[in-house]
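Some notes on the structure that comes next.
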Amino acid sequence: MLQNKIKIALVDDHPMVAEGLGKVLSSVENIEITQYFFDGYSLLDFLNHTAVDIVLLDITLPDIDGIVLCKTIKLNFPKMIVLALSHHHNRKIIMDMLNNGANGYMLKNVSLEELVNCIDAALRGEIVFSRDVKEIITSPQLSGHEKSIRLTNREKEVLGLIAAGKTTMQMAEQLFISKFTIESHRKNLLQKFEAKNVAELIRIASDKGFL
């Protein structure tokens, strides 16, 4: 039985990079590169009359910031899968893309196999990251200026795992502590950041440089 090909629009401000990546992806049997774009507004015009399954989106574009473009795509095409493919490895940029609706984030050093696996997982409804991005997100180390909020080492670890989307049970198993202790840390983090829920916790922690 023939499978419908996965239609991908590829956006990158460097034509050689875009075309090179497109040729590599086109070698995969069930993938079709529908169109290349070297700026954001051309992509938006295209999406108004042509359906694709996935947008592979760079962050740095000549006419619009990729983070803003991601939000615009999601507002106009809520079911569109947007995957960031960038050389930017700053944790705040990664979190900003996710907060604006991105379905995943991959660095440009990703292998073809890993990229295809991420595409397949995104089509199944998962939030996907390349291996290096996972390490960035789950790192308990803090960056940025002096912070008024004080966290214990364990709270830093739990915060990093929450941002990585780990469940309470997964965190408990990884840190070798009980799920009740995890819930206690989660409650303390919500209080310290004055957040109403986990999504707000991640956003505030990211804004303050903890993520």
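A compact table of results
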quantity	calculated
Whole-percent carbon and sulfur share, accessible surface of the chain, 1.4 Å	52 percent
Charge sum, other residues only, whose C-beta stays under 10 Å from Leu189's C-beta, Lys/Arg counted +1 and Asp/Glu -1	+3
Percent of Cα pairs exceeding the 24 Å cut-off, where the set is segment 1-155	33 percent
The chain, accessible area per residue, ligands and nucleic acids excluded (1.4 Å, Å²)	54 Å²
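The values are calculated or read from the model by the stated rules, or taken from the named source; none is laboratory data. Remember, it's a predicted structure, so these values are computed and weren't measured experimentally. Positions of Cβ are backbone-derived with ideal geometry, glycine not excepted, and every protein chain shown enters the neighbour counts. We work out accessible area using only protein heavy atoms, side chains counted, and drop any ligands, DNA or RNA first. Shrake-Rupley method; radii C 1.70, N 1.55, O 1.52, S 1.80 Å.
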